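Q: Got a structure for you, written out below as structure tokens; questions coming shortly.
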Amino acid sequence: MEKGGGSPSTGGSYPQKNAEILSSQYGINLFLAGLLLTFAWAVHAVGISKSHLLSYLITLMLIQLLWMLWYLGRSCTQRRLIRDKDTHAGARWLKCGITLFAVITLILDSFKIGYYIDFSNCLSPTEGIFPVAHAVHTILQVYFLWCHAKDIIQSFKTLERFGVIHSVFTNLLLWTNGVLAESKHQLNEHKERLITLGFGNITIVLDDHAPQCNCTTTTLCAIFSQGIYYLYPFNIEYHILASTMLYVLWKNIGRKVEQHQQHKTPFRLHGITVGMIFGLIVLTSTIAIVVVYLIQIGRSKIKSELALTMFYLHAIFVLALMCTAGTVALLIYRLEDRSLDNSKNPARKLDAELLVGTAAGSWLLSWGSILAIICAQAHPKYTWYNLPYSILVIIEKYIQNLFIIESIHREQEKMNDDIKTLRIVTVSRGSTLSLTPSYKEIYNGRAARDRGAVPCLLKGSICARENDSGGGGAKEEMSQGRSSVMHSASDFPFYSRTSVTNNKRRILKNIAAFLFLCNLSLWIPPAFGCRPEYDNGLEEIVFGFEPWIIVVNLAMPFSIFYRMHSAASLFEVNCKT
């Protein structure tokens, strides 16, 4: 176990590289063991019950709690020491987002506790212990991420690598457990919807592991059981966000900090009104579509077909707008000549990898739908809308990924050195009346307007005007001076370039704001049960019920996460632009 930063020599790098490899292998094995345990419970493997799975998860959470308490205690004793920070990691808006999801997760845990109390006669004690342990784990983990997500650990690096990677895969297993529970609930509703669409020939028995006893309070049980599944999407997002933040912390262990750090870029609503208005229209209409879809689907064959048609038409329109907006943004980038920032940045690298990796889930579903439409012998009318919808999903993610990845890699625009060193002095009667305005005032074109005078822009010189006569002569000379100044300023394309640059930036900010709200809108339908991949029935006929359901259950969580991660990335792009 090493203490201290160590030297960057070749000999000192081998132990750290070995520690990174060993800790990653430890985490992967931890995750695979939990994954197989989860799968065994899902398929009713002999000798495996839910209590075994929950006991494993509780043990992992307790180990992580002990490590976090040790890290927090050690940090408290060393709070006077100056630590290196990664300014790109743990942005404030990301911390606020994970806090919101954590609060809803705590509500979910309280529902699970109430559900256990009502069914306590036939449920294992681990089902009551798990939500309590999970609530404590959530509270401490959010506090830990708020305080230490930016840390670059330089002491006890081997121990910390194992502690952080343990936390990463613990959250991934909790995410997997949430995805499985939510998927099983969706499958039961999906079976009923297929019957109403006329696919009664599909026979499969679905089991949601319901308790084998009666509830003590029927009304409360219904509230808890239904409420749990509406809260699962937020719990799923919470754990995947926590795992990504912890992964960045793990990658930063022992990292040498570069001297140039990016300055903070706060979010501002100014200048993005158009993008926000169109985005809010899309968000509002999407919520309305989801409500109508969930009400109509499964009621009758006609109502289900109308609900699917309505969903596809709305999604096609939104995706077409997003493709257009993304294309315009990429064209603006092609017209600009700005270098890319290729410095080492674990957070930015992870963002790009997650965008492409999780987009593969949607692409898999889209290509499956396209193949099913081509190969199917019978085509109900509503299934034809699935073809342009699936094609647009592929194209939209392709364009959006290009836009986001290029945006987060672009260097922020810097002001010209000539402007930074420019000094303007107005002299009257041989004395300086006003000092030089800052270059920011010059850059924004406000210095002259605020002072009531137009500056003289002369290369390598200071413009000074003597005022030998007073009164009207002074006004006349001032008028002539202004005319001369404006003529001189016309020789510089600075103001025109600034205007063009500001217009481009304003367009890009509006596009980022619009795409941000669109991605939030497209996150809502699959997260809350509006999933046409389940409900149109065509894919089940072509591929078979069980194979297609397996594909959807594997790909859908990544598709849902992609939308939330894209929204987070676009928020960062909007702040940076």
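The values are calculated or read from the model by the stated rules, or taken from the named source; none is laboratory data. Everything quoted here is computed from the prediction, not taken from an experiment. Note: ideal-geometry Cβ built from the backbone for every residue, glycine included; neighbour counts use all protein chains shown. All accessible areas refer to the heavy atoms of the entire protein, side chains included, with ligands and DNA or RNA removed. Shrake-Rupley method; radii C 1.70, N 1.55, O 1.52, S 1.80 Å.
Q: Applying the selection to segment 493-521, what residues are among the hydrophobic types (A, V, I, L, M, F, W, C) and either in contact with a Leu (Cβ under 6 Å, 6 or more places away or on another chain) or at pLDDT 55 or above (or both)?
A: At the first step, the residues of segment 493-521 found to be among the hydrophobic types (A, V, I, L, M, F, W, C) are 494, 500, 507-508, 511-518, 520.
Passing the criteria: VAL500, ILE507, LEU508, ILE511, ALA512, ALA513, PHE514, LEU515, PHE516, LEU517, CYS518, LEU520.
Q: Continuing with the same structure: Could you identify the single residue in LEU350, LEU330, LEU294, LEU308 that is farther than 23 Å from ASN386 by Cβ and either at pLDDT below 90 or surrounded by 18 or more Cβ atoms within 10 Å (Cβ to Cβ) (or both)? Walk me through how you get there before you give the answer.
A: Values: LEU330 fails: either at pLDDT below 90 or surrounded by 18 or more Cβ atoms within 10 Å (Cβ to Cβ) (or both); LEU294 fails: farther than 23 Å from ASN386 by Cβ; LEU308 fails: farther than 23 Å from ASN386 by Cβ.
Result of the check over LEU350, LEU330, LEU294, LEU308: LEU350.
Q: Which one of these is farther than 26 Å from SER225 by Cα, surrounded by 15 or more Cβ atoms within 10 Å (Cβ to Cβ) and among the hydroxyl-bearing types (Ser, Thr, Tyr): TYR56, TYR115, TYR71? Talk me through it step by step, then tell me what you get.
A: Details: TYR56 fails: farther than 26 Å from SER225 by Cα; TYR115 fails: farther than 26 Å from SER225 by Cα.
Exactly one residue qualifies, and that residue is TYR71.
Q: Hey, LYS251 hits all of (1) at pLDDT 80 or above; (2) open to solvent by less than 20 Å² (accessible area, probe 1.4 Å); (3) more than 30 Å from ILE549 (Cα to Cα) but one; which does it fall short on?
A: In the conditions (1) at pLDDT 80 or above; (2) open to solvent by less than 20 Å² (accessible area, probe 1.4 Å); (3) more than 30 Å from ILE549 (Cα to Cα), LYS251 misses (2) alone.
Q: Considering only segment 381-405, state which residues are surrounded by fewer than 17 Cβ atoms within 10 Å (Cβ to Cβ) and at pLDDT below 90.
A: Scanning segment 381-405 gives LYS381, TRP384.
Q: Right, something else. Output the residues belonging to segment 98-112 that are in contact (Cβ under 8 Å) with a residue 40 or more places away in the chain and crowded, with 19+ Cβ neighbours inside 10 Å.
A: Answer for segment 98-112, where residues must be in contact (Cβ under 8 Å) with a residue 40 or more places away in the chain and crowded, with 19+ Cβ neighbours inside 10 Å: ILE98, PHE101, ALA102, THR105, LEU108, PHE111, LYS112.
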